[in-house]
Every structure is written in C-alpha cells, then in structure tokens.
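Chemist: Before I ask anything, here is the structure I am working with.
The numbers here are math on the coordinates, done by the rules we state, and not lab data. Note that the structure is predicted; figures quoted are calculated from it, not measured. Note: ideal-geometry Cβ built from the backbone for every residue, glycine included; neighbour counts use all protein chains shown.
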Amino acid sequence: MAAITHPLHSLTLTFKTPNPRFTPLPKLTISATSTSNRHISDRKLTAAVIGGGPAGSSAAEALASGGIETYLFERSPSGAKPCGGAIPLCMLEEFSIPPDLIDRKVTHMKIISPSNLTVDFGKTLKPHEYISMLRREVLDSYLRSRAESKGVMLVKALVTNLDVPFQPNQPYIVNYTVNNRMEYLPVDVVVGADGANSRVAKAIGAGDYACAIAFQERIKLPDDKMEYYENLAEMYVGNDVSPDLYAWVFPKCDHVAVGTWTMCSKQYIKQYQHGVRSRVYPKIAGGKVIKVEAHPIPEHPRPVRVRGRVALVGDAAGYVAKCTGEGIYFAAKSGRMCGEAIVKASEGGHRMIDESDLKREYLKQWDLQYKTTFRFLDLLQHVFYGSNAAREALVELCGDEYVQRMTFESYLYKKLAKGNSWEDFKMVSNTIGSLIRCKLVGKQMEAFDPNVLAKVARLHKIS
Amino acid sequence: MAFMSSTPTNLPSFSSSSKTHFPINTFLSLKPQSRLLFVPVRATENGSGAAIVVDEKKDFETKEDPIGNGAPVAGVVEEVVVFEDPKWVSGTWDLKQFQKDGATDWDAVIDAEVKRRKWLEDNPESSNNDFPVVFDTSIIPWWAWMKRFHLPEAERLNGRAAMVGFFMAYFVDSLTGIGLVDQMGNFFCKTLLFVAVAGVLFIRKNEDIDTLKKLIDETTFYDKQWQATWQDEKK
C-alpha cells in the first residue's frame, strides 16, 4: 500500500497499537478470539452499523459486499424523516437508484431576493438533467432492503449504548433493546450512522457540533396551485425568512413542503416560518397543512470522527454542506467510503483493523475528495448569506447563465465544473461589482429617513 | 373538512368564486407588527364575493366590516400592504419618469430603489407572478455608481494619503537630511509608504481593525473545524 501524503500533514504508514484512552466502563469480560496481531483465522471481521438511513445502509452494503459480517441496527424502519428530499443526479448513478422511486423531477428553480427580485434558475439544464425529489421513507427502505440482499443482517432495535472496551484487542459491545428485551452484541468495528443526535458519537466522546434547526410544514395544495409547482422549487432569501440561511418551497409527491432553517436564531424559527408563509401566501392559499416537522442539521464536522475502531459517517459526523444544507448524498457517499475502507484495510474481513487504518483509508480520502467543496460552500455562505444586501447581490448574480450552468453542474455531478477562464473572470468581476453595488444600496438604506416611507403604500386587496 | 395543524396558525382560505366549498376556519396568531388584516366577509349567493372598497390614498390602518344580516361567515379576504409608486411600473422602475435635463437622473433611481428596498425590509411582500420584479442594480450604469459613491470616498482617502505623505516626507527630511527623491530610493522608506497606503485603504474607522481581525478568524474557522479530527494525531 503506497503512503498517500496529504498536503496538510504527512502520515507514515505504521501499524501502531492505539492508545488505551477509552473511558472506564463496568467490567464485562467477553473472551474475544482475536488478538492484536492482525490476522483473524477462524472467523470474519464483524461490524455493526448503527442507524439505517442512507449513510448506514450504504456502509452496511459496502461492508457486506466485501465479505464482512455486518449487522445494521435501525429503530424505526418505517419512519419518515423530515427532510428536503432532494438528491443530485450523480447519486442516481452512483447508488443505482431506480427511477421509479423518484416522485418528481425538478427542472426549474426560482430564487427570490428580499426585494422580490426573481431569477429563474435552470435555463441551462439539459433535458436529461434534473433534481430528483423523493420521499425519504421510500429511499431509505430501498437502500436498506438492497443492503439486506447483499447479506447484511437487519436488526430492528434501538441501540441504547455502545460499550467501548478497556483493552485494545477486545470487541465493542452494542447494547440494544428489541421487543422490550435488553440484548447485546459484541463486534469488532462500529460505524456510527445514527444522525444528528448520535449515541455512538457520545459513546466515543467525539465532541459536539453546532446545529441549525430546520422547520418544515407539508401543505396539500389545491390542484391549480399545485400545477405551478409541477417541477419548480423555490428558494427565498431575506431577513424575514431566515437571518443566516434560506427558506424553501419544495414540491413533493402530491404536496409541497414549505420550510426554513436557521443557525443563529433558533428560538425565532416559528417567526421565520410565518415569514415564509407570508411571502408565499398567494401561491399556497387554500392549502391544508398535513404535517409539521423539525430536525437539527449539523453545521460542521465533529471534532473527532474516528476513534479506536469506531467511525462516524453522514449526519453523525457532520457532513452537511454549508450554504445548501445538502446531506443525503454526502451521507450515502461517506457510508460507502467508510465501508470500503474497512473492507480494504481488513483485506476482506481477514485482518483486524485499527484507528490508523480508518483514518488513512476513510477519513483522509474523504477529506481529500470533499474538503474543498465544503470549504467553498462555506465561503459562499459567508459572503452571500450575511445580510440582505449580500442576498440581493446573490440573486442578481444568479441571473447570469454562466453562473447557473456552473452551479448546476457542480451540484448535479459533485465535481468542480470546467469553465472557461474568460467567463470565470467575468463572473468574478460581476460578483465583485454586484456585491459593491448592493452593499452601497444597503448602506444608503441604513441611513434612510423612515418618515419618508410612511406614505408610499397602498392597500391591496387579494382576491 | 377541518383545517388541522399542530401549530396555532392556520392557513385561511380565500375564494374568488363561491361555487367552491368554503370551510369555516379560525385564524389565531397575528403578530403585532404584521400588517395583515383579516376581515370576515359574507359571500353572496351568486358568488360575487366580498366587495370592500379600498381607497387608494387611505392610510393602511383602516379596518372595514361589511357584515350585514346573519349570513354565515364563509371566507376571509386579506388586505395586504403593497409597495406602490407611480414610477414603479410592472416590476421595474420606469426610467422615462426619471429624466432630468434630457438624461436619466441615476441618483434619483438609486434613491428610489433604496426607498423600495427599505420599505420591503420592513414590510415583506409576497412575490407577484403577474408582475415579477426585474429591476436589479446592474441596470444602473457603472459610472453613475462611481460618480456618486466612489469618487467622494476616493477624494477623501487621497487627501488623507497626501497629508500623511507630505508630513512624513518633511519629518524624515528634517531628521536625516535626505530629500524626497532620495527617500524613494530607500527600501525602508518604500515599505513605510506601502504600509501608509494600505492603512489608509483598509482602516478608515477605529472599528475597522476589529472588523478585519474578525474577518480573518471567520475565514479560517471552518477549516479549523475540519482539521479538528486530525489534532488527535499530533498528541
């Protein structure tokens, strides 16, 4: 195996025994058959994947396909997770998602600025390009059943605790409840895919992360209003709908989801939801709220993502992109990468692995592949979501076709789109120009005399 | 067909034709600063809907109540405050109305847009599909922005730079006897000049120093969060 030197630090390839810095636990003696010497002769490596969402199912599938004895724990297989439900095109190919799972193909997107400047995003999409909207319960159960078909043992149970062993060569104990019985399972490797409130992360002391809260209402619209959202999604920006992020109207199978999310003003989320509803009002009037849901969304990766023979993937690790809040693809991809890393390091389940294997094969590869993407999106969020003036500039810029094409290509294929340098230069100078102009208008707004505003309105009857 | 929701707010339905079914619903939460007024309306049999006469010039605080005989309250008609200006025509500023001495008065356009955006910030409006807003700041030519905003600031900064430069040149000359031309040949003097120019450009108020420090922290913060997992190695 070649030593891959990451530009930010170099890691020499050694198999060192991990430091025994596990937290003290009640003594539980299980005689493990494997020693710290790498090769396990009489059995395959066992792995437990906690959490059966896209991350967990992909990890389990990769593990089982590689010959590792895998157990997938999911507490409510039929649950519908609150989620935007949009996945990029590349996910359909990479994860072989059958097209009949897709509820809706979004080909148009409207972005609306605080001053209601509306741009139509999607003029550059080719006929085979779209954003797929799915129901999470449909996607999750498909991925789980596919994992099962590859040999994963599905355990419908709630994992209550993970016992981290004292000695480095002892197994991890997964404590779970099934049918009101407490059971336990010793495994060699654990993959924590249990989402934003991960118990696995707590067990290994992975540290905390800041979360945004997303709030969404599912609204069933009358048919004529639903037609407007046939394959259109809308994104609203403004201090009235979210002070640091955006609000959305996403079409689902037969209803729309209207929601918003915020990181810095979580206590006012209901107010922002009210703000979105007001902004969308004429288009959703007459609709019926069928469900209200909320969920935390991690803002950045946890301080520790791998410890011992436990790896975190998906939301549990904090792999949610800034600016867009996209998490499904990254969850599935990280699950798969982690699973493949374990398979590779254990040579198909015949060798014991340790922390440095996980870090080298999974974390380093992941960081190498996606850190730039995440950093770039963080930059975009800082620049464009900071104030109303910046948001106006963002919407102005999005009217440009080149920007639209680059954005969609990067989003749909998760690869930095190839542009031409002259257009790039124009885009950058337009960005600077728009930002300057909108900031100037913003500064003028701050200095504005409010008494002048009182006479400008008229009452307008909506019928 | 009840309108069900676990939050206190319900979506009121409004109707344009009475042929559709009108459920009764109650509207509960009204934020004090929201200017939505909900007026119950009696729907007539032939479906002519509500007839609320709205005077265009009236101030937005009026409330009207045309309920007559005890016909059931059927729907609500919403009165919403909307931005209106004679020069704002179908989603953009009508530049022909901004003429001054035969040319467009861009300063007035900028002022009008500032007023509109300030209004919308305080009274967010829902986007209108009939007259989508198409005005953006790129319609105003670059030189109008330069003339109004950049040039006065540039004058101020150049003035400062000139004052500082003159005084420093005099001061160094008095201390060392080296004239202005010879000063420019010295590396240390060139560095001082560079620092002076950069300082004048980036630090215009005392608060700017803190702002710059915060900016640097913010840009590197996310990176630090990603690197956190590798810190274990170093220990």
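Chemist: Would you mind pulling out the separation of the Cα centroids of segment A:272-296 and segment A:63-107, in Å?
Modeler: With segment A:272-296 and segment A:63-107 each reduced to a Cα centre, they are spaced 27 Å.
Chemist: If you don't mind, there's one more thing I want to ask. If I stretch the segment between A:Ile213 and A:Asp254 completely, what's the gain in nm (0.36 nm per residue apart, minus their alpha carbon distance), one decimal?
Modeler: The A:Ile213-A:Asp254 span can extend by a further 12.3 nm.
Chemist: What is the antiparallel percent of DSSP beta bridges lying wholly in chain A, to the nearest 5? Provide the component values of the computation, followed by the final result.
Modeler: Working: 51 of 72 bridges.
Beta bridges within chain A, antiparallel portion: roughly 70 percent.
Chemist: Could you check the simple spin-label distance between A:Asn231 and A:Ser76, using points 7 Å along Cα→Cβ, in nm with one decimal?
Modeler: Reported label-point gap for A:Asn231 and A:Ser76 is 3.4 nm.
Chemist: Here's something else I'd like to know. For segment A:122-162, list residues with backbone N below 15 Å from a point placed 7 Å from the Cα of A:Val178 toward its Cβ?
Modeler: The answer is A:148, A:152-161.
Chemist: What pairs from A:Lys283/A:Lys414; A:Lys322/B:Lys118; A:Lys150/A:Lys333; B:Lys100/B:Lys147; A:Lys266/A:Lys414; B:Lys96/B:Lys147 go past 26 Å between their alpha carbons?
Modeler: Working: A:Lys283/A:Lys414 32 Å; A:Lys322/B:Lys118 28 Å; A:Lys150/A:Lys333 18 Å; B:Lys100/B:Lys147 17 Å; A:Lys266/A:Lys414 30 Å; B:Lys96/B:Lys147 21 Å.
From the list (A:Lys283/A:Lys414; A:Lys322/B:Lys118; A:Lys150/A:Lys333; B:Lys100/B:Lys147; A:Lys266/A:Lys414; B:Lys96/B:Lys147), the Cα-Cα distance tops 26 Å for A:Lys283/A:Lys414; A:Lys322/B:Lys118; A:Lys266/A:Lys414.
Chemist: Could you order peptides A:219-227, A:250-258 by the average number of other Cβ atoms within 10 Å of their residues, highest first? Walk me through the numbers on the way to the answer.
Modeler: Working: A:219-227: 15.2, A:250-258: 20.4.
Ranked from most to least packed, the peptides come out as A:250-258, A:219-227.
Chemist: Also: Which aspartates and glutamates does A:Lys288 reach when only Cα atoms under 15 Å apart count, and residues fewer than 8 places away in its own chain are ignored?
Modeler: A:Glu217, A:Asp223, A:Asp224, A:Asp254
Chemist: What is the sum of charges, Lys and Arg at +1 and Asp and Glu at -1, for the other residues whose Cβ falls under 15 Å from the Cβ of B:Pro152? The partial results should precede the final answer.
Modeler: Details: positive: A:Lys443, B:Lys147, B:Arg148, B:Arg156, B:Arg160, B:Arg204; negative: B:Asp107, B:Glu153, B:Glu155.
In short, +3.
Chemist: Counting other C-beta atoms within 10 Å, which of A:Trp366, A:Trp261 has the fewest, and how do the rest follow? Could the numbers behind the result be given before it?
Modeler: Details: A:Trp366 21, A:Trp261 26.
Neighbour counts put them in this order, fewest first: A:Trp366, A:Trp261.
Chemist: Another question, if that's okay. Counting only other chains, and only Cβ atoms inside 10 Å, what mean value do you get across the residues of A:441-448? All intermediate terms of the calculation are to be shown ahead of the outcome.
Modeler: Values: counts 11, 4, 2, 9, 8, 2, 2, 7.
Partner Cβ neighbours, averaged per residue: 6.
Chemist: Now for a different question. Rounded to whole Hz and in sequence order, give me ³J(HN,Hα) for segment A:250-258 from the Karplus expression 6.51 cos²θ - 1.76 cosθ + 1.60, θ = phi - 60°, writing x for Gly and Pro.
Modeler: So the Karplus estimates, Gly and Pro as x, are 10, x, 10, 4, 9, 8, 10, 10, 10 Hz.
Chemist: Between A:Lys291 and B:Leu192, how high is the FRET efficiency from 1/(1 + (r/R0)^6) when r is the Cβ-Cβ distance and R₀ = 41 Å? Nearest 0.05.
Modeler: Details: r = 66 Å, r/R0 = 1.61.
After rounding to 0.05, the efficiency reads 0.05.
Chemist: What size of dipole, in debye to the nearest 20, comes out for segment A:342-434 about its Cα centre when the only charges are +1 on Lys and Arg C-beta atoms and -1 on Asp and Glu C-beta atoms?
Modeler: Working: 13 positive and 14 negative charges, 49 e Å.
Result for segment A:342-434 is approximately 240 debye, rounded to the nearest 20.
Chemist: Need the list of aspartates and glutamates near A:Lys371 for cross-linking: C-alpha distance under 13 angstrom, and skip anything on the same chain fewer than eight residues off.
Modeler: Filter leaves B:Asp223.
Chemist: Could you give the size of the charge dipole of segment A:248-336 about its Cα centre, using +1 on the Cβ of each K and R and -1 on the Cβ of each D and E, expressed in debye and rounded to the nearest 20? Mind showing how you got there, number by number?
Modeler: Details: 15 positive and 5 negative charges, 27 e Å.
It comes to approximately 120 debye.
Chemist: Give the separation of the Cα centroids, segment A:359-386 to segment A:158-172, in Å.
Modeler: If we compute the Cα centre of each part, the gap is 31 Å.
Chemist: For a label point 7 Å from the Cα of A:His39 along Cα→C-beta, name the residues of segment A:346-379 whose backbone N is under 17 Å from it.
Modeler: A:346-353
Chemist: Could you work out the relative contact order of segment A:68-141, using alpha carbon pairs under 8 angstrom and six or more residues apart, expressed as a whole percent?
Modeler: 43
Chemist: How would you order A:346-352, A:303-309 from highest to lowest mean count of nearby Cβ atoms within 10 Å? All intermediate terms of the calculation are to be shown ahead of the outcome.
Modeler: Numbers: A:346-352: 18.7, A:303-309: 23.0.
Ranking the peptides A:346-352, A:303-309 by packing returns A:303-309, A:346-352.
Chemist: So for segment A:90-141, taking the charge dipole from beta-carbon charges (+1 Lys/Arg, -1 Asp/Glu), which of A:Pro98, A:Ser141, A:Leu117 sits furthest toward the positive end?
Modeler: A:Leu117
Chemist: Quickly work out the A:Lys270-to-A:His128 label distance, labels modelled 7 Å from Cα along the C-beta direction, and quote it in nm with one decimal.
Modeler: If labels sit at A:His128 and A:Lys270, their model points lie 4.9 nm apart.
Chemist: Still on this structure, I have one more. What spacing in nm lies between the two simple spin-label points modelled at B:Met168 and B:Asp111, each 7 Å away from Cα in the Cβ direction?
Modeler: Result for the modelled spin labels: 4.0 nm.
Chemist: Under 19 Å from a point 7 Å along the Cα-to-Cβ line of A:Leu380: which residues of segment A:115-156 have their amide N that close?
Modeler: From segment A:115-156, the list is A:118-126, A:129-133.
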